[in-house]
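What follows draws every value from the coordinates through simple rules; no lab data is involved. What you see is a predicted model, and the numbers here were worked out from it, not measured in a lab. All Cβ positions, glycine included, derive from the backbone under ideal geometry; neighbour counts span all protein chains shown.
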Amino acid sequence: MSEENGITETTATTAETTATTTAGTTTPQSFIGEDGTFSEGWRDKYVPEDVRGEAVFDRVKTIQGMAKSLANAERMVGADKIIKPSDKFGDSDWDAYHMAGGWTNEPIPITAPEGLPEGIWSDERAQTFSEGFNKLRLNPKQVAGIMEMYNSDLAQQLTNMNNNSETARDELRTALLAEKGNALAQFQHNGNFAIEKGTKGDEELKARIVAKYGDDPDLVRLLGNLGGEFQESGSIPVTAMAPTPADIDKKISDIHNSDAFMKPTHPDHKATMATLARLHREKATVRQPV
């Protein structure tokens, strides 16, 4: 170790080495931004070539995303997995696939929805549906969803049918009232006699008939006609019937076609005109459909 100008040989050598090392050091390029975002080229730099083309690296954009993906993959280790179906699947493969999705391989009981009218639901049909759903390997959630849609549609159909039925019944009532007018009450009275005859004193049967069909316009017409037949045969008392609108119209038409109406000099002209006025007043009081 020698000294020259106050500097030892060892000191000079160390300083020279340090300077050389500092000058030869380069800062490595970073492919991760301060926010963790990968910059272009990171995959080529850090991802091994044999896995570089995997789709996961297309989705991962940040170091945070890569960490999350790694954690999720770790959670999946040992978890149940569903194999993607292929055209090579056999029945046993499909069974395993659908069982992984919740299929139980047992028919799922199906019950009638609340409020369904009698005669609509069939346990036999429900059993057939249940067995069919099982053959399709449907899970309970799928069966419940299908039945919910089916029951909703069924309820709407029943509502529509009831509305249509009530509309048709209203139209029949209107037609009956338009035809009978003020005679409707007597017509219904004749129908009540027909019910009495048909039930033969059985009050319970009569009550059921009236409860079920009492306001049905077709039955009112049927029983009224039948009561009229009983009247003609003398089986029930004769009831004076008010003229129907058709009866009044016929009388008016007959007067219009008579000589007494068309000829003012006819001796009965005045009386005929009075009768005509009365008929028009009577027609104006006829019950009308509402």
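Residue order for Met66, Met161, fewest other beta carbons within 10 angstrom first, comes to Met161, Met66. Computing FRET efficiency as 1/(1 + (r/R0)^6) for Ser86 and Lys45, where r is the C-beta to C-beta distance and R0 is 41 Å, gives about 0.65. Any aspartates and glutamates with Cα under 18 Å of the Lys270 Cα? List them, leaving off those in the same chain fewer than 8 positions away. Hits, sequence-local ones excluded: Asp254, Asp259.
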